[in-house]
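First comes the structure, then the notes that go with it.
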There are 2 protein chains.
Amino acid sequence: MGVGATGIRVSTTYRPDMGLDETSSSAAGRWLPVSNPFGVHALVWTGGWSPEEAEHAISSTAAAGYDLIEIPALDPSRIDIADTRDRLAAHGLRTSLTLGLTFANDINSEDLELVAAGRSTLMSALDITRGVGGEYLGGVIFGAMDKYPGPTSAAARANSVAVIKELAQEAAGDGITIGLEFVNRYESNLLNTVQETLDYMDLVGEDNVVVHADAYHMNIEEDGFREPLMRCGDRLGYVHIGESNRGYLGAGTIDFEEVFGALVDMDYRGVITFESFSSAVVDPNMSNTLAIWRNLWSDGMDLATHALDYMNTEMDRARDTIGTR
Amino acid sequence: MGVGATGIRVSTTYRPDMGLDETSSSAAGRWLPVSNPFGVHALVWTGGWSPEEAEHAISSTAAAGYDLIEIPALDPSRIDIADTRDRLAAHGLRTSLTLGLTFANDINSEDLELVAAGRSTLMSALDITRGVGGEYLGGVIFGAMDKYPGPTSAAARANSVAVIKELAQEAAGDGITIGLEFVNRYESNLLNTVQETLDYMDLVGEDNVVVHADAYHMNIEEDGFREPLMRCGDRLGYVHIGESNRGYLGAGTIDFEEVFGALVDMDYRGVITFESFSSAVVDPNMSNTLAIWRNLWSDGMDLATHALDYMNTEMDRARDTIGTR
């Protein structure tokens, strides 16, 4: 179910005893271990998406050694589909699209006008995903990404489920996966945990809907990382790796050994995307929504290359220690 | 500087080799180790503060074995001062008052009307603190406890500093300590970290203003627990112990061994208050502000006694291992 399960990435520390996957191959015909496709969020590079900003973000992502760039689609109108598709192809990058709805287009609402507006935004985002050659549309697509004034209701939840079901059916025709990124309590009143997301997915009942797990949010809401991740099984389809304060990996409180150990032990093969936010790179649509008040870094390339090295090192360590957890 | 530094609490696992404090004594005349006064937040027991609710909260706090109850004063008008003071005295409990300002009375604002409204709220809360015999007024008193639409400004910060300076001077006459509870990005755009709080305190320049550190918020914003706590030195005056998801201690991601180890190593003698929130106990003023959407517990007494035992155990363990960190 994981997005990009067929992706092949040569581990930097391959050794014959690591265990191979029969579907793996390299251009040279040798068997190599399958690693996960690694992605990076565009806001590491730029807050906008003009052709120049898109080029900077896409070329930097490729230069840093990533396989995929995650493009925020909170404002679908600002994305030039053909331009983006061409630049992705020129740099050989895969892409995923993510967004959060707002209180103005909230499908987690009893107000049918807001639900209709949200449905429209999601269908537009699906068009963009399709148009740029993306294989994944995810994020806080099940409701507003905002601090709600109160709990949700059964009626609001039902409206959300109905729209996501329709979106998933529409996406299935193009082989696009729909990901539900459960987030912390300040960004949703509907899906804050793995279990709430699995329960919601049962109501949606579509095979191309997956759990999108984010370590940053899990650190606030879950009892830990290993058990909830493994509970997803093959319903886990996308992973965000973010530090507890959304800065440099390792400079926070998250136990990434536990996170990557779980991903290896459950044989997760999907995309792993690094996400980080600093007041040094501002997207007016996103930075205030995400409450990015502090400057945690200013050099995106240093941040991104450090993160890729960190993630590869942790994945390698987790593979080296299979059976010990 | 810590609130309650003279409090004496007999450790449940006293041993002669633990090291004694010369100011300590017991009724029996033996020297006993000084432990920290332990408190519990009233929202573990009740969402309101009618005489019946106050009695339930205060008597339950005493029955669970705590030294202090923390009373939320978001709506000062609902607290009957004489009634509360008498009930505290009857049960032999100490108390602290905490609150968060709102966007309607925000001193972290450029709007002088809002600043004046906030000043008025804080002075009322100081009156209540004085009236009920409290020794501490803290919380998100430096600005609104809410998700801000954008970053703060130099002018807004200066307004906040000026009011807190005045509040502290007013409080000093009654020996009341003023605590600044830095909170996560979704609850303030002004003070999210220890360092920001220390810098702000330098601007205030009053000796009875202390850092109020909360493990729940530190887990989201700091690089870790030990270094920021120890950086406070004797400017740390109040501690909130809360789990990463605000439920049972130990059922989350926070490394409490690190937290309590730092408190012991820095010889912190102030109040340590347990804080936890569940949708099972609702304060209409607070629960939605804090985004309490999930039922993490329903039995406050079980929760509170478990927490006190957990904190005592961790403090004892930290004392047993002094010199090993």
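The values are calculated or read from the model by the stated rules, or taken from the named source; none is laboratory data. Everything numeric here is computed off the predicted structure, so don't read it as measured data. All Cβ positions, even for glycine, are placed from backbone atoms using ideal geometry, and neighbour counts span all protein chains on display. The protein model used for the area step is the full one, side chains on, heavy atoms only, and it has no ligands, DNA or RNA in it. Shrake-Rupley method; radii C 1.70, N 1.55, O 1.52, S 1.80 Å.
General observations
- Distances, shortest first, from the label point of A:ARG325 to those at the same position in the other copies read 2.8 nm; the point lies 7 Å along Cα to C-beta.
- 3J(HN,Hα) along region B:79-85: 9, 7, 4, 5, 4, 5, 4 Hz, from the Karplus curve 6.51 cos²θ - 1.76 cosθ + 1.60 with θ = phi - 60°, whole Hz, x for Gly and Pro.
- Each residue of region A:212-224 was assigned a 3J(HN,Hα) from its phi angle through the Karplus expression (A = 6.51, B = -1.76, C = 1.60, θ = phi - 60°), giving 10, 9, 10, 4, 4, 6, 4, 4, 8, 10, 8, 6, x Hz with x at Gly and Pro.
- Nearest 10 degrees, 0 to 90: helix B:300-320 Cα axis against chain B principal axis: 60
- Shielding value for A:237-248 is 2, the average number of Cβ atoms from other chains within 10 Å of each residue's Cβ.
- For the protein assembly as shown, the ratio of Cα radius of gyration to the globular rule of thumb 2.2 N^0.38 Å stands at 1.01.
- Going from the isolated chain to the complete set of protein chains, region A:249-287 loses at least 10 Å² of heavy-atom accessible area (1.4 Å probe) at A:ALA251, A:GLY252, A:THR253.
- Rg/Rh (Cα only; Kirkwood hydrodynamic radius) as it applies to region B:181-227: 0.96
- Expressed as a whole percent, the accessible surface of the protein assembly as shown that belongs to carbon and sulfur atoms is 50, based on a 1.4 Å probe.
- Cα gyration tensor, region B:76-198 - rounded (a/c under 1.5), prolate or oblate: prolate
- Long-range tail of P(r) for chain B (Cα pairs > 34 Å, %): 17
- Only Lys, Arg (+1) and Asp, Glu (-1) charged, at Cβ; chain B dipole about Cα centre in debye: 320
- Amide H to amide H distances under 5 Å link B:LEU191 with B:VAL183, where only residues 5 or more positions off or on other chains count and H is placed in the peptide plane.
- A simple rule links phi to the HN-Hα coupling: the Karplus curve 6.51 cos²θ - 1.76 cosθ + 1.60 with θ = phi - 60°, which for region B:276-285 gives 7, 9, 9, 5, 6, 10, 10, 10, x, 6 Hz, with x for Gly and Pro.
- Solvent-accessible area lost on pairing A with B (1.4 Å probe, both sides summed) amounts to about 2900 Å².
- Potential lengthening of the chain between A:ALA154 and A:ALA172 amounts to 3.8 nm, from the contour at 0.36 nm per residue minus the alpha-carbon distance.
- Every helix of 4 or more DSSP H residues in chain B counts as -39500 (n - 2.57), and over all residues that averages to -11500 deg cm²/dmol at 222 nm.
- Counting only protein heavy atoms and using a 1.4 Å probe, the accessible area of A:HIS306 comes to about 70 Å².
- Counting only protein heavy atoms and a 1.4 Å probe, region A:153-226 has 27 square angstrom of accessible area per residue.
- Principal-axis tilt of helix B:194-204 within chain B, Cα atoms, nearest 10 degrees: 60
- Using only the C-alpha atoms, the convex hull of region A:224-294 corresponds to 105 Å³ per residue.
- Cut-off under 5 Å, modelled amide H: who pairs with A:ASP214 long-range: A:HIS240
- Summarised in one figure, the compactness ratio Rg/Rh of region B:57-113, Cα atoms and Kirkwood Rh, is 1.14.
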